[in-house]
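One structure is given here, and the rest of the page talks about it.
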Amino acid sequence: MALARLYLYDDKRSVLHTVLGFASAFLLIYGLAVFLIYLVYEVREKEAPVATVGDVVEFLVGYVVGLAVLFWLALGFYNSP
């Protein structure tokens, strides 16, 4: 629990990680390419490994929320009268 407080949403860039994950969910298959590029960037960044994992988790939170919104929008389009 204490590590989550230290490394998740610990700075202003953390919100940008989540927004990037959210936006990449709407790119569908290209979103995976964005994720891989982001992952390589985070691994090459000179940061503590735990902080890198925290940044990737922030990205994935945004990605999952983006997929949920995309799924919700798709259901709305298919169920319209």
7 Å from Cα along Cα→Cβ at both residue 10 and residue 28: what's the point-to-point distance in nm? 3.7
0 to 90° range, to nearest 10: angle between helix 29-44 axis and the chain longest Cα axis: 10
Give the angle, between 0 and 90 degrees and rounded to the nearest 10, that separates the Cα long axis of helix 49-78 from the longest principal axis of the Cα atoms of the chain. 10
Length-normalised contact order of segment 14-76, Cα under 8 Å, at least 6 apart, in percent, tallies to 56
Listed residues 56, 43, 15, most fluctuating in the chain (Gaussian network, C-alpha, under 10 Å): 43
Among [x] 1.00; [y] 1.25; [z] 1.79, which is the computed Cα Rg over 2.2 N^0.38 Å? [y]
13 Å beta-carbon shell around residue 52, net charge (K/R +1, D/E -1): -3
Cβ-placed point charges (K, R +1; D, E -1), dipole of the chain about Cα centre in debye, nearest 20: 80
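Just so you know, all these numbers are worked out from the coordinates, no wet-lab data involved. Keep in mind that this is a model prediction, so the values were computed, not measured. Virtual Cβ from ideal backbone geometry, glycine too; neighbours counted across all protein chains shown.
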